[in-house]
Amino acid sequence: MNIILFGPPGAGKGTQGDKIVSSFNLFKLSTGDLLREEVKKKNELGLEIKALIDKGKLVPDEIIYNLIIKILSNKKFYNRIIFDGYPRNLNQAKNLDILIEKYKQKLSCVLSLKVDKEILIKRILGRQTCTKCGLIFNKFFYPATENNHSCDPRYLEIRPDDNNDTIASRYETYLKETAPILDFYQKQNLLHEINGTAEIDQIFNEIQGILASLEA
Ligand code: AMP
């Protein structure tokens with residue numbers, strides 16, 4: 001099954017995506033992570049991407065398309081992708097439908113995590129990502145400890161776009177460009193809405209229930 005994890009920045013898509021990956025043998029495709037890898041290369045494309053991410057704007061669809069097609073066309077990931085942070089606008093959603101059909105795959109569901117803006121901001125400002133293992137923690141809500149994280153704490157980093165200025169424009173971009181996709185998936189009967197303010201494990205239980213019913 002291919003799944004879309006949908007929600008505003010800070011809704012918990014990355015955290016839930018990691019949990020789904022380990023329980024369901026799926027592969028997480030985070031366009032944000034792939035873009036940050038491009039930024040690290042410090043070439044022309046990387047600099048162009050960085051400028052947009054720092055402003056909280058979307059990276060052009062063509063760049064995203066080139067990242068997505070590499071994964072969707074790879075037999076290793078056939079029908080086992082969790083899309084995190086993609087699609088981000090209606091054009092990307094329509095492109096994804098075309099690609100899914102072209103590579104004879106199936107979109108099983110869209111899991112939409114709903115969280116209020118005030119909570120999102122707190123979550124984003126506390127977010128820490130381990131640059132070694134990729135796991136996501138939160139200084140306030142889910143701190144890294146010896147029990148949940150085996151890497152050295154010095155690998156924990158705050159994303160440069162997780163600051164007060166960028167958060168506001170990322171949220172605006174979400175409302176204007178990303179949220180309208182929900183209607184697109186509602187019409188295809190793929191949408192499952194989830195309360196994203198519950199505890200991490202509680203949210204995951206709900207997701208497990210939905211995914212199990214799809215597998216049945
Ligand atoms: P994320 O890690 O999903 O929060 O994404 C971080 C930033 O990367 C976003 O604010 C956008 O600037 C960019 N980005 C991530 N995914 C996409 C996408 N599918 N389309 C366009 N821009 C994206």
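The values are calculated or read from the model by the stated rules, or taken from the named source; none is laboratory data. What you see is a predicted model; the values in this text were computed from it and never measured. Note: ideal-geometry Cβ built from the backbone for every residue, glycine included; neighbour counts use all protein chains shown. Quick note on the areas: whole protein, heavy atoms, side chains included, nothing else; ligands and nucleic acids left out. Shrake-Rupley method; radii C 1.70, N 1.55, O 1.52, S 1.80 Å.
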Are there any pairs with C-beta distances below 6 angstrom linking a residue in segment 127-140 that is more than 16 Å from Gly32 (Cα to Cα) to a residue that is open to solvent by less than 60 Å² (accessible area, probe 1.4 Å) and aliphatic (A, V, I, L, M), with the two at least 6 apart or on different chains, and if so which? Phe137/Ala144
Is one or more of the residues making up segment 93-100 open to solvent by less than 30 Å² (accessible area, probe 1.4 Å) and acidic (Asp, Glu)? no
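Per-residue answers, yes or no, for (1) at pLDDT 95 or above; (2) within 14 Å of the ligand (Cβ to nearest atom); (3) more than 20 Å from Tyr174 (Cβ to Cβ):
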position	(1), (2), (3)
Glu48	yes, yes, yes
Ile64	yes, yes, no
Asp97	yes, no, yes
Lys117	no, no, no
Ile136	no, yes, no
Thr145	yes, no, yes
Taking segment 130-149 only, how many residues are over 20 Å from Lys50 (Cβ atoms), in a loop (DSSP other than H, G, I, E, B) and open to solvent by less than 70 Å² (accessible area, probe 1.4 Å)? 7
Just wondering, is there one or more residues in segment 68-78 that are of a type in the set (Val, Ile, Thr), closer than 25 Å to Tyr171 by Cα and within 14 Å of the ligand (Cβ to nearest atom)? yes
Are there any pairs, at least 6 apart or on different chains, whose C-beta atoms fall under 7 Å, with the first in segment 182-205 and part of a loop (DSSP other than H, G, I, E, B) and the second among the hydrophobic types (A, V, I, L, M, F, W, C) and modelled with pLDDT under 95, and if so, which? Thr197/Ile119
Tally, over segment 92-108, of residues that are without any contact (Cβ under 8 Å) to a residue 12 or more places away in the chain and not basic (Lys, Arg): 3
Among all residue pairs at least 6 apart or on different chains, which show Cβ distances below 7 Å where the first residue, located in segment 47-61, is at positive phi and the second is near the ligand (Cβ under 8 Å from one of its atoms) and open to solvent by less than 40 Å² (accessible area, probe 1.4 Å)? Gly56/Asp161; Gly56/Thr166; Gly56/Arg170; Gly56/Thr173
When Lys42 is run through (1) at pLDDT 95 or above; (2) away from the ligand (no atom under 13 Å from the Cβ), the failure sits at (1)
Across segment 171-197, which residue is farthest from the chain's Cα centre (by Cα) among those that are open to solvent by 30 Å² or more (accessible area, probe 1.4 Å) and farther than 16 Å from Pro87 by Cβ? Asn189
Residues to consider are Asp152, Asp165, Asp161; find the one that is open to solvent by 40 Å² or more (accessible area, probe 1.4 Å) and either under 16 Å from the mean Cα position of the chain (by Cα) or away from the ligand (no atom under 16 Å from the Cβ) (or both). Asp152
How about segment 109-126: which of its residues are touching an Asp or Glu at 6+ places or on another chain (Cβ under 9 Å) and touching a residue at least 60 places away in the same chain (Cβ under 8 Å)? Leu111, Ser112, Leu113, Lys114, Ile124
Just one of (1) within 15 Å of the chain's Cα centre (by Cα); (2) open to solvent by less than 70 Å² (accessible area, probe 1.4 Å) trips up Lys114, so point out which. (2)
